[in-house]
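What follows is a set of notes on a single structure, which appears directly below.
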Amino acid sequence: FLCRSADQCPGGAPQACAEGQIGIMCAACDDEFYPVVGKCTPCSGLETSKALFPILPILLGPCVVIFIYQASKTPVQRWSAPRSGLTICAAIIFTHFQFLALLFKCDLFFPKALESTWGELGVINEGLSILRPSCIGVNTFSDIYYINVAWPLMTMFIFAATFVMVALVHRLGVPFVMDGNFLFSSYGAIMETFFVGICTQSLTLFQCYDHPNQQASLRVAPEILCDSQERESLLAVGIAAIFLYFVCSSGLMAWVLWVAPTSFSHSKFQKRWRFLLCKYRPDQWWWSAIILIRNLTVSLALVVATQGTFQLIWIVSVLCVYGVLTYAKRPWRHAWASRLDFIVTVVLGLVVCSCFKFAANEADREQMDSIVRTVLVFVQVISFIPCGICFIAILHLANRWLFPIEDQRRKIHLFEDLTKIGKGISALDLKDPHVTFAMTLLSENDLEVLDEALKLLVAENYIGGIQDTNTKQKPRITTAVLRKESFEGASAGLNPNNIKKPSGIPADEKEAAENPETGTSLEDEKWLWLEADGVVPEEEHYHRYTFPPGAAHLMVPSSSPTGG
């Protein structure tokens with residue numbers, strides 16, 4: 001048999017094991033010992049007293065449920081609040097550590113230095129094993145597997161019991177009640193956060209590694225052979241867990257995301273499925289499905305491949321696809337969450353690529369050569385991926401070049417939409433509570449996108465440079481030249497010569513405006529300042545182009561990129 005840890009098999013006489021290690025390959029732990037990174041550690045008095053398990057979950061569980069409920073009871077108006085962004089960033093980092101813990105379980109020959117970092121992170125994916133149930137006599141693989149697979153159901157029971165207890169206490173006069181929809185969302189958020197660990201525990205029966213004697217052992221429990229009766233007796237439980245946690249949950253999520261556009265107006269729907277929708281931009285409401293697919297496919301790496309090299313190739317391929325999608329879509333409601341998610345994906349990809357060095361035992365020359373050949377093929381294949389992307393870009397640009405009418409039509413439609421939206425926005429009353437409510441729904445990412453769009457419009461001379469009255473910033477564009485052809489087709493008899501500009505403009509702007517091509521005039525005459533909400537802006541805060549009362553509207557220059 002292949003013993004993968006020198007701590008478990010110290011050598012010496014046949015079947016000699018380290019202290020606390022028993023079984024084939026010394027992989028199991030004796031009574032009053034628990035496993036930690038391949039070693040068996042003696043249990044403390046606290047761990048053998050049943051205080052950690054099961055007393056602690058029973059007593060502390062309802063308090064934790066109430067805390068999570070209160071922290072996640074956020075209405076739609078607060079989904080874009082900074083506090084929600086902090087929670088999202090914390091969840092992204094937690095998933096990052098889950099992936100590192102999963103990577104440590106791959107069929108790799110890691111140095112001992114990583115045991116104190118990545119190895120210790122393994123507790124994140126171990127379910128209730130973190131509470132040391134093996135110290136109170138639950139030390140067989142079957143018992144531990146039952147507990148770890150069933151912990152989502154145990155958590156559901158604690159949530160339900162807490163809801164019932166709060167309802168009973170409320171009837172006694174305590175002014176506290178729990179909304180069942182928010183409570184369900186809180187439970188869903190816990191399951192979504194620990195989904196990588198749930199996948200890992202449910203798939204442990206299908207993660208094997210080979211021995212030199214043509215047999216195979218479970219990766220998490222080498223003392224259990226993959227063709228043993230004990231493993232086969234657990235397969236029904238494993239399949240049921242996969243069906244419940246993967247198939248049923250995925251189907252439910254797909255249905256919720258499908259009906260979300262038509263059902264989101266219902267307050268109960270918003271509360272119940274908040275955990276699926278609150279973190280993402282409104283136009284990317286379905287991104288939780290992408291997260292689920294990514295977590296599931298990465299967790300499957302240890303099932304679809306038994307060799308460490310192919311496990312790494314599988315993981316880095318999934319991360320590359322997800323990274324490209326994240327960069328293209330920027331799905332998170334908070335801009336920094338999108339940046340953090342992309343950076344985490346890039347870092348994980350680099351870490352996985354670096355782990356190819358540990359894919360073989362350096363003492364096994366034949367295995368090293370095999371891995372080198374595999375890595376060479378993989379590197380050569382991915383090095384030509386940019387060529388494929390470039391080919392797609394060429395097809396797209398060539399289509400725009402050869403068929404300019406379609407491209408022009410798309411621009412015209414876009415400008416028409418912008419015109420309609422602009423008219424709608426200009427008619428809004430910022431004091432209207434409906435408008436205020438709509439503004440609270442704008443996420444940080446939405447605000448950044450709108451700001452970038454505004455900068456683009458300014459850069460294209462669609463609007464003049466306006467100095468911000470709050471920040472006193474200079475106009476982004478100090479020169480805005482009005483040309484005669486800019487007003488072709490203007491209604492209401494608008495004459496370019498009637499357009500005035502404040503006399504106190506900078507010299508460079510005055511020089512540009514007095515250009516004969518502009519047809520503008522700069523006489524020092526009284527100005528008509530446009531009012532906003534009945535307040536006349538102070539002249540020193542604004543440089544605006546204004547028009548006589550008979551002017552209807554300003555046409556966009558015909559030479560602009562939109563062709564308007």
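The values are calculated or read from the model by the stated rules, or taken from the named source; none is laboratory data. As the structure is a prediction and not an experimental result, all values here were calculated from the model. Neighbour counts run over all protein chains shown; Cβ positions are idealised from the backbone, glycine included. Note: accessible area is taken over every heavy atom of the protein model, side chains too, but ligands, DNA and RNA are not part of it. Shrake-Rupley method; radii C 1.70, N 1.55, O 1.52, S 1.80 Å.
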For the range 131-157, give me the residue count where each residue is among the β-branched types (Val, Ile, Thr), farther than 18 Å from Phe195 by Cα and part of a helix (DSSP H, G or I). 2
Counted residues, the range 26-42 - those being within 12 Å of Asn139 (Cα to Cα) and open to solvent by less than 50 Å² (accessible area, probe 1.4 Å): 5
Which of the residues spanning the range 65-75 are open to solvent by 20 Å² or more (accessible area, probe 1.4 Å) and closer than 21 Å to Lys279 by Cβ? Phe67, Ile68, Gln70, Ala71, Lys73, Pro75
Selection status of Ile198, of a type in the set (A, V, I, L, M, F, W, C), in contact with a Phe, Trp or Tyr (Cβ under 8 Å, 6 or more places away or on another chain) and at pLDDT below 90: no
Which of the residues belonging to the range 166-186 are more than 20 Å from Pro152 (Cα to Cα) and surrounded by fewer than 18 Cβ atoms within 10 Å (Cβ to Cβ)? Ala167, Leu168, Val169, His170, Arg171, Leu172, Gly173, Val174, Pro175, Phe176, Val177, Asp179
Grab the helices (runs of 4 or more DSSP H) fully contained in the range 187-294, keeping just those with 3 or more residues being more than 22 Å from Val76 (Cβ to Cβ) and either in contact with a helix residue (DSSP H, G or I) (Cβ under 7 Å, 6 or more places away or on another chain) or open to solvent by 30 Å² or more (accessible area, probe 1.4 Å) (or both). 195-202, 229-242, 249-263
Would you confirm whether any residue within the range 241-263 is out of contact with any strand residue (DSSP E or B) (no Cβ under 9 Å at 6 or more places or on another chain), touching a residue at least 60 places away in the same chain (Cβ under 8 Å) and within 27 Å of Ser142 (Cα to Cα)? yes
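Take the range 137-158 and flag every residue that is under 30 Å from the mean Cα position of the chain (by Cα) and open to solvent by 60 Å² or more (accessible area, probe 1.4 Å).
Within the range 137-158, Leu153, Met154, Met156, Phe157 meet the criteria.
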The helices (runs of 4 or more DSSP H) lying entirely within the range 13-130 that contain at least 2 residues which are in contact with a Lys or Arg (Cβ under 6 Å, 6 or more places away or on another chain), modelled with pLDDT of 85 or more and over 30 Å from Asn445 (Cβ atoms) are none
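Please determine, by comparing only the residues of the range 76-96 that are under 14 Å from the mean Cα position of the chain (by Cα) and of a type outside the set (Val, Ile, Thr), which one is farthest from Trp273 (Cα to Cα).
His96
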Answer yes if at least one residue in the range 318-330 is touching a Leu at 6+ places or on another chain (Cβ under 8 Å) and over 23 Å from Gly188 (Cα atoms), and no otherwise. yes
Would you point out the residue of the range 438-467, among those that are modelled with pLDDT under 70 and assigned to a loop (DSSP other than H, G, I, E, B), that is nearest to Phe415 (Cα to Cα)? Tyr462
Being open to solvent by less than 70 Å² (accessible area, probe 1.4 Å), part of a loop (DSSP other than H, G, I, E, B) and either without any contact (Cβ under 8 Å) to a residue 24 or more places away in the chain or closer than 30 Å to Ser354 by Cβ (or both) narrows it down to one of Thr306, Thr326, so name that one. Thr306
Please specify each residue of the range 132-159 satisfying the condition of being among the hydrophobic types (A, V, I, L, M, F, W, C) and under 22 Å from Gly23 (Cα atoms). Cys135, Ile136, Val138, Phe141, Ile144, Ile147
